[in-house]
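The values are calculated or read from the model by the stated rules, or taken from the named source; none is laboratory data. Fair warning: this is a prediction, and the values are worked out from it, not measured in the lab. Because the Cβ atoms are built from the backbone with ideal geometry, glycine has one as well, and the counts that use them run over all protein chains shown.
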Amino acid sequence: MKLKISLFGITKEIVGSPELEVSTAENATVAELQTELARQYPRFAELTSLAVAVNSEYAAPDQLLRPHDEIALIPPVSGG
Amino acid sequence: MKLKISLFGITKEIVGSPELEVSTAENATVAELQTELARQYPRFAELTSLAVAVNSEYAAPDQLLRPHDEIALIPPVSGG
Amino acid sequence: MQIELTDQPIDVAAALAAVQDDGAGAVNTFIGTVRNQSTGKKVVRLDYEAYDKMALHQMRRVAELAREKWPMLRQVAITHRKGRLEIGDVAVVVAVSTPHRAESFAACQFIIDTIKQVVPIWKKEEYEDGSVWVAAHP
Amino acid sequence: MQIELTDQPIDVAAALAAVQDDGAGAVNTFIGTVRNQSTGKKVVRLDYEAYDKMALHQMRRVAELAREKWPMLRQVAITHRKGRLEIGDVAVVVAVSTPHRAESFAACQFIIDTIKQVVPIWKKEEYEDGSVWVAAHP
């Protein structure tokens, strides 16, 4: 399936775009998505952390992804 | 010597005046003043505490008093 | 350091402005207001009486003590009200600025806690059926 | 509960007004401002980027979590700025009201500490000779 991933901050800079489309197996997990992204963008591995948010919540590694989920990469936050 | 004592809050109400004059021996201590006041105003003994301030500082019991000191009774404070 | 005792309504914005500092990333502010109840009784209003000279001196000392404990403290503003206050009125404002946030909380809390222990200001709570000098009796 | 994310200057007085409550005797406010330096480097300005929808959702969750931990919490107001900020600008305001003061400090500190951990907002510090996404790299 194709997943649209929203990008912010340094991940947006690394990819050079505010959005990214990734092809994964059906019912891929968050961990599988992370593995695929790390393969495509080696610079992600340099970050302190890189979480995945699904529908505005932080997602666990074993969470299953669906095509209509709102998915975003969350590099280390620094608000406040 | 004669000492002028400023009164506030409940001590002012007990005495019925914002100021009080007390006669003590020369070089009386804070503790001696407190004993004399307790004798004159038994209701002071009902208070949670009753400190003596000399020139805007809390005074220790053995501090010597002088006629020109600015002396005040400090019942339990409740500012803030 | 801005230390004030006033019988006029407290201007919180002025206290905040007083601690503004380009080297400070954190401002913590405590505002004490008059509640509509105290130990279960309905409060109608409050009267604060102050020993002005000593109150100002002791507030200054508390601020200095805070600066000794937190040397990175940038600015401190303390304003205490006196006289008659109605429900919701601001009785005291403490504002501090520090480079980082943890110290702003710690220093501000230390200042208000210490003010309540040492500054000669007395609060008389007025209820519908009487009044009492707070904390005077055990 | 008043939760906001804005690209306009933050109105601190509005946040304070939002937590006014006759049953609360204590208001604690944390204001985070842009410092002129960070880890020894001179900061010229900051750019804050936010994942708006999730940021608002997470700020709301932090406020709800605070209410679970401090059931006596009366009002909470959180406003975070985004976009370009200059030195001294307010980046975030957290204001809480509680009946007594200790809880106002604890709840406000919990909220700002947790915001800094979970709310998807990213700060880029601009120096005279470059810029960096704060905390992005170890």
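Please count how many residues of segment C:83-138 are in a loop (DSSP other than H, G, I, E, B), surrounded by fewer than 16 Cβ atoms within 10 Å (Cβ to Cβ) and in contact with a helix residue (DSSP H, G or I) (Cβ under 9 Å, 6 or more places away or on another chain). Residues meeting the conditions: 2. Name the residues in segment A:47-66 that are in contact with a strand residue (DSSP E or B) (Cβ under 7 Å, 6 or more places away or on another chain), under 12 Å from residue A:34 (Cβ atoms) and more than 14 Å from chain D (Cβ to nearest Cβ), would you? Those that are in contact with a strand residue (DSSP E or B) (Cβ under 7 Å, 6 or more places away or on another chain), under 12 Å from residue A:34 (Cβ atoms) and more than 14 Å from chain D (Cβ to nearest Cβ): A:61, A:62, A:63, A:65.
If we scan segment D:10-26, do we find a residue that is more than 12 Å from chain C (Cβ to nearest Cβ) and over 14 Å from the mean Cα position of the chain (by Cα)? Checking segment D:10-26: at least one residue is more than 12 Å from chain C (Cβ to nearest Cβ) and over 14 Å from the mean Cα position of the chain (by Cα). For segment D:14-35, filtering for residues that are of a type outside the set (Gly, Ala, Ser) and under 25 Å from residue D:125 (Cβ atoms) leaves 6.
Looking at this structure, is residue A:15 more than 11 Å from every other protein chain (Cβ to nearest Cβ), at pLDDT 95 or above, surrounded by 13 or more Cβ atoms within 10 Å (Cβ to Cβ) and under 30 Å from residue D:31 (Cα atoms)? No: the conditions fail for residue A:15.
The residue pairs whose first member lies in segment D:102-123 and is closer than 18 Å to residue A:72 by Cβ, whose second member is among the charged types (D, E, K, R), and whose beta carbons are closer than 8 Å, counting only pairs six or more residues apart or on different chains, are D:118/D:61; D:121/D:49; D:121/D:82; D:122/D:49; D:123/D:47.
It is to be established whether one or more residues within segment A:32-52 are in contact with a helix residue (DSSP H, G or I) (Cβ under 8 Å, 6 or more places away or on another chain), closer than 18 Å to residue D:57 by Cβ and of a type outside the set (Asp, Glu). The answer is yes; a qualifying residue exists. When only residues in segment B:23-42 that are buried (at least 17 other Cβ atoms within 10 Å of the Cβ) and of a type in the set (A, V, I, L, M) count, which is farthest from the chain's Cα centre (by Cα)? If we take residues in segment B:23-42 being buried (at least 17 other Cβ atoms within 10 Å of the Cβ) and of a type in the set (A, V, I, L, M), then B:28 is farthest from the chain's Cα centre (by Cα).
Out of curiosity, is residue B:72 loosely packed, with under 15 Cβ neighbours inside 10 Å and either at pLDDT 95 or above or of a type in the set (D, E, K, R) (or both)? Criteria not met by residue B:72.
Among residues of segment C:27-51 that are closer than 19 Å to residue C:121 by Cβ and within 11 Å of chain D (Cβ to nearest Cβ), those with a Cβ under 7 angstrom from a residue that is among the polar types (S, T, N, Q) and assigned to a loop (DSSP other than H, G, I, E, B), sequence gap 6+ or separate chain, pair up as C:43/C:36. Can you tell me which residues in segment D:122-138 are within 23 Å of the chain's Cα centre (by Cα) and either basic (Lys, Arg) or facing chain A (nearest Cβ under 7 Å) (or both)? Within segment D:122-138, D:122, D:123, D:124, D:133, D:134, D:135, D:136, D:137 qualify. Take the residues in segment D:27-49 that are aliphatic (A, V, I, L, M) and crowded, with 23+ Cβ neighbours inside 10 Å; name whichever of them is farthest from residue C:39 (Cα to Cα). Only one residue tops the list, namely D:46. Taking segment C:58-88 as the range and being on the phi < 0 side of the Ramachandran plot and modelled with pLDDT under 95 as the test, the residues that pass are C:86, C:87.
The residues of segment C:9-54 that are among the polar types (S, T, N, Q) and under 20 Å from residue D:22 (Cα atoms), listed by number, are C:29, C:33, C:36, C:37, C:38, C:39. All of (1) away from chain D (no Cβ under 14 Å); (2) surrounded by 19 or more Cβ atoms within 10 Å (Cβ to Cβ); (3) more than 13 Å from the chain's Cα centre (by Cα); (4) among the aliphatic types (A, V, I, L, M) hold for residue A:1 with one exception: (2).
Every condition in (1) closer than 27 Å to residue D:110 by Cα; (2) over 12 Å from the mean Cα position of the chain (by Cα) is met by residue C:30 except one, and the failing one is (2).
State which residue is nearest to residue B:9 (Cα to Cα) when the search covers only segment B:43-58 and only residues that are in contact with an Asp or Glu (Cβ under 9 Å, 6 or more places away or on another chain) and surrounded by 15 or more Cβ atoms within 10 Å (Cβ to Cβ).
B:53
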